[in-house]
Amino acid sequence: MPSPVLRALVTGASAGLGECFARRLADRGVDLVLVARREAPLRALADELPVDVEVLTADLADREDLAAVEERLARDEEPVDLLVNNAGFGAFGEVAGLDTDRLTEMVDVNVTALVRLTRAALPVLIERGRGGIINVGSTAGFQPNPHSAVYGASKAFVRSFTEAVHEELRGRPVHVMLLAPGVTATEFQSVAGVAEGAVPAVATMRAQPVVDAALNAFASGDAVCVPGLANRVSAFGSQLIPSAVTRRASDVLHRRYVGGA
């Protein structure tokens, strides 16, 4: 890693990529602060890991809970060297048919919380001259996403924001990186309401290779990590194709996700 990481704070750590980040960081001897809404799986995970683990139960859509995580990032004692902004969720369907509060909560977690936690962590990281942030985006952030419009837009924000902050820190010992995975075998799909069988197994990565690729890319000082050759071709290739084409292709794909023709 760009500088030795002694303690990492991982959001959304109760399952999926967040849990995998916790396990792989613990394998590297990194102490942890685990953040998620569900306390029981966090406690169970903490009991399994061979490092010092602090459990911080918080709903990042709740401003008081979010403030508690911000305060933890800014704390001088037992400082956090690496923030993994992993918490997030999606919802599939037409905007006109999705619950307004659910869409707002998605923006609160995927965008607002990520920005506020990044802002909370950066001053102390810069002052100490070490560490960094991994912001978890998605290949969905590289093109418009009909039937997943708000989720895709939130990840486009994460992509733009993270690359911009990475550039702001050029030449400094603090590193910020975007992780943009494609479809990964986690509970994301069931929470988002993806139709069963809509995503072919061949197009799905497992969590551990995604996390290992992210940690290796972070150690190399990369600005962006898109794990998997097919995902890289899709993500970066979409930048060469007009959005009039990519949004049509995305529409066809996401209709399958919601069970459409």
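The values are calculated or read from the model by the stated rules, or taken from the named source; none is laboratory data. The model shown is predicted, which means the values in this text are computed figures rather than measured ones. Heads up, the Cβs are rebuilt from the backbone with ideal geometry, glycines too, and the neighbour counts pull from every protein chain shown.
Evaluate region 18-33: report whether one residue or more is acidic (Asp, Glu), on the phi > 0 side of the Ramachandran plot and at pLDDT 95 or above. Give the derivation first.
Of region 18-33, the ones acidic (Asp, Glu) are 19, 27, 31.
Next, from what is left, pick out any that are on the phi > 0 side of the Ramachandran plot: none.
No; the residues of region 18-33 include none that is acidic (Asp, Glu), on the phi > 0 side of the Ramachandran plot and at pLDDT 95 or above.
Of everything in region 70-83 that's touching a helix residue (DSSP H, G or I) at 6+ places or on another chain (Cβ under 6 Å) and more than 17 Å from ASP52 (Cα to Cα), which residue is surrounded by the fewest Cβ atoms within 10 Å (Cβ to Cβ)? Break it down into steps so the answer makes sense when it comes.
Kept after step one, since they are touching a helix residue (DSSP H, G or I) at 6+ places or on another chain (Cβ under 6 Å), are these residues of region 70-83: 70, 73-74, 80, 83.
Going one step further and asking which of them are more than 17 Å from ASP52 (Cα to Cα), we end up with 70, 74.
On the way: GLU70: 17, ALA74: 13.
Looking at the filtered set, the residue picked out is ALA74.
Which of the residues belonging to region 151-182 are part of a loop (DSSP other than H, G, I, E, B), charged (D, E, K, R) and either over 22 Å from GLY131 (Cβ atoms) or free of Cβ contacts under 8 Å to residues at least 24 places away in the same chain (or both)? Give the steps one after another, and end with the answer.
Restricting attention to region 151-182, the residues satisfying the condition of being part of a loop (DSSP other than H, G, I, E, B) are 169-174, 180-182.
Of the ones still in play, those that are also charged (D, E, K, R) are 170, 172.
Result: ARG170, single match.
Per-residue answers, yes or no, for (1) over 13 Å from ASN86 (Cα atoms); (2) surrounded by 22 or more Cβ atoms within 10 Å (Cβ to Cβ); (3) of a type in the set (Lys, Arg):
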| position | (1), (2), (3) |
| --- | --- |
| ALA13 | no, yes, no |
| LEU42 | yes, yes, no |
| VAL51 | yes, no, no |
| GLU54 | yes, no, no |
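Need a quick list: strands (runs of 3 or more DSSP E) entirely within region 1-113 having at least 2 residues that are touching a residue at least 24 places away in the same chain (Cβ under 8 Å) and closer than 24 Å to SER220 by Cα. Step through it out loud before you land on a result.
Working: elements: 7-11, 31-36, 53-57, 82-85.
Of the strands (runs of 3 or more DSSP E) lying wholly inside region 1-113, those with at least 2 residues that are touching a residue at least 24 places away in the same chain (Cβ under 8 Å) and closer than 24 Å to SER220 by Cα span 7-11, 31-36, 82-85.
Across region 140-168, what is the total count of residues that are small (Gly, Ala, Ser) and in contact with a Lys or Arg (Cβ under 7 Å, 6 or more places away or on another chain)?
To start, the set of residues in region 140-168 that are small (Gly, Ala, Ser) comprises 140-141, 148-149, 152-154, 156, 160, 164.
Narrowing further to those that are in contact with a Lys or Arg (Cβ under 7 Å, 6 or more places away or on another chain): 140-141.
The total comes to 2.
Working only within region 94-127, note down all residues that are buried (at least 20 other Cβ atoms within 10 Å of the Cβ) and more than 21 Å from ALA61 (Cβ to Cβ).
LEU122, LEU125
Does GLY197 count as farther than 21 Å from LEU117 by Cβ, modelled with pLDDT under 95, surrounded by 20 or more Cβ atoms within 10 Å (Cβ to Cβ) and not basic (Lys, Arg)? Before the answer, list the steps.
On the way: farther than 21 Å from LEU117 by Cβ: yes; modelled with pLDDT under 95: yes; surrounded by 20 or more Cβ atoms within 10 Å (Cβ to Cβ): no; not basic (Lys, Arg): yes.
So GLY197 does not fit the description; no.
Of all residues in region 149-183, which are closer than 22 Å to GLY18 by Cα and at pLDDT below 95?
GLY182, VAL183
Based on this model, can you work out whether ALA217 counts as touching a His at 6+ places or on another chain (Cβ under 8 Å) and at pLDDT 85 or above? Break it down into steps so the answer makes sense when it comes.
On the way: touching a His at 6+ places or on another chain (Cβ under 8 Å): no; at pLDDT 85 or above: yes.
Considered against the rule, which asks whether it is touching a His at 6+ places or on another chain (Cβ under 8 Å) and at pLDDT 85 or above, ALA217 comes out as no.
Check off (1) of a type outside the set (D, E, K, R); (2) buried (at least 18 other Cβ atoms within 10 Å of the Cβ); (3) touching a Pro at 6+ places or on another chain (Cβ under 8 Å); (4) at pLDDT below 95 for PRO2 and give me the number that stays unchecked.
(2)
Within region 63-79, can one find any residue that is touching a Lys or Arg at 6+ places or on another chain (Cβ under 7 Å), charged (D, E, K, R) and closer than 17 Å to ASN135 by Cα?
From region 63-79, those touching a Lys or Arg at 6+ places or on another chain (Cβ under 7 Å) are 66, 70, 78-79; that's our starting set.
Those still in the list that are charged (D, E, K, R) too: 70, 78.
So of that shortlist, the ones also closer than 17 Å to ASN135 by Cα come out as 70.
So far as region 63-79 goes, yes, one or more of its residues are touching a Lys or Arg at 6+ places or on another chain (Cβ under 7 Å), charged (D, E, K, R) and closer than 17 Å to ASN135 by Cα.
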